[in-house]
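These notes concern the structure reproduced below.
Computed from the coordinates by the stated procedures, all read-outs in this text should not be read as laboratory data. Keep in mind that this is a model prediction, so the values were computed, not measured. Heads up, the Cβs are rebuilt from the backbone with ideal geometry, glycines too, and the neighbour counts pull from every protein chain shown.
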Amino acid sequence: MPIYVLLVTGLKSFSEVRLEQMWDLPSGLHFDSFREAYSALDSNLGNSFKMVIPATVISCMLGSINGYVLTKWRFPGSDVLFFLLLYGMFIPYQSVLIPLVKTLQALHVYGSLWGLVVTHVVYGIPITTLIFRNYYANIPTELVEAAKIDGASIFGIYRRIVFPLSLPGFVVVAIWQFTSIWNDFLFAVTVTSNPSIQPATVALNNMAGSFIVEWNVQMAGALIAALPTLIVYVVLGRFFVRGLMAGALRG
C-alpha cells in the first residue's frame, strides 16, 4: 500500500493532490514530478552510492575477519571482546553524536563522505561480526585444524578455506548493510552540512518547502530514493533467503 500511494501521488499533478483523493488514480500520467525529483536528487544519489558501496564492503570484510577469529582462533578474553562488540549495538545513536563529531573532526573527515563511511563501518562492525560469527560456527573446526597441521597461517586458512565458504553469509550481511546505510538519515544530516555532498535521504528531506510542500514531487523523490534498495532485494532476495537457511543468523 505505501508503494501504491507513492506511485499514484507521484503521477498526479499538483492540483490533484488532496488528502481525500489519496487513493484515487491520477487523471493522467504526469511524469513532471519524477523529472523534477530526479533533477533535485541526481548528484545526491551519486553521493549515496559513493558512501554505501565502500562502507558496505569494508564493514563486511571486517565483520567476516572478526567472526572468523572469534570462532576458529579463540583466545583469552575473546568472549569478553565479543560481548563488548555486541554492547555497541544497544547504544542509542543520539547519545554519541557529540563524541562522534569530535572524533571525526580529529580524524579530519568531518563534513565529508569519508566521515560517513567511517561512521557506518564502525557502527556496522557489531552486527556484521555477530552474523559472521554465527555463520562460521557451522563450519567444521576440523577443516581449520587440518590446515593448521599443514602449516597454513591464520589468514592463509581464511583466504583458502573460510572465505570461499562465506558467500551466503556475505550476501546476508551485504544486503543488511546496504539497506541500513542507504536509509540512514541521522548520521547523514549530522556529519554532512554541505548540500553538494549530502546523500539522497538528506536531500529528499530538504526538498520540502517552508510554506508549500509539493507532495507529488516528494512522493516521486521518495520512490526514486527507494529504488536501489528495492532492486537489491529483487535481484538478491533469493540469495538472502538461502543465506538465512544456511545458518547466517542461527546461533
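So the values come out like this:
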quantity	calculated
Top of GLY63, GLY46, GLY156 by mean-square fluctuation, Gaussian network on the chain, Cα under 10 Å	GLY156
The chain: angle of helix 215-245 to the longest principal axis, Cα-based, in degrees nearest 10	30
Relative pair counts by distance (%), Cα atoms of the chain, 10 Å bins	7, 25, 27, 22, 12, 5, 2, 0
Per-selection Kirkwood Rh - segment 171-241 (Cα, Å, 1 d.p.)	13.6
Point-to-point label distance, ALA208-SER193, nm (Cα→Cβ direction, 7 Å offset)	2.2
Residues LEU7 and TYR93, FRET efficiency given R0 of 30 Å [Cβ-Cβ distance, rounded to 0.05]	0.45
Contour excess over end-to-end distance, with Cα ends at VAL235 and SER43 and 0.36 nm allotted per residue	66.7 nm
Cβ-based exposure ranking for VAL162, VAL122, in which fewest neighbours within 10 Å come first	VAL122, VAL162
Average Cα contact separation per residue, segment 42-245, under 8 Å, 6 or more apart, as relative contact order %	34
Helix 97-106 axis, angle to the chain major axis (alpha carbon atoms, nearest 10°)	70
Within segment 51-90: backbone nitrogen closer than 15 Å to the VAL122 label point (7 Å, Cα to C-beta)	59, 85, 88-90
SER153/ILE53 FRET efficiency (R0 22 Å; Cβ-Cβ; nearest 0.05)	0.15
Charge-dipole axis of the chain as Lys and Arg at +1 and Asp and Glu at -1 on Cβ define it, positive-most pick from THR56, ILE3, ASN44	THR56
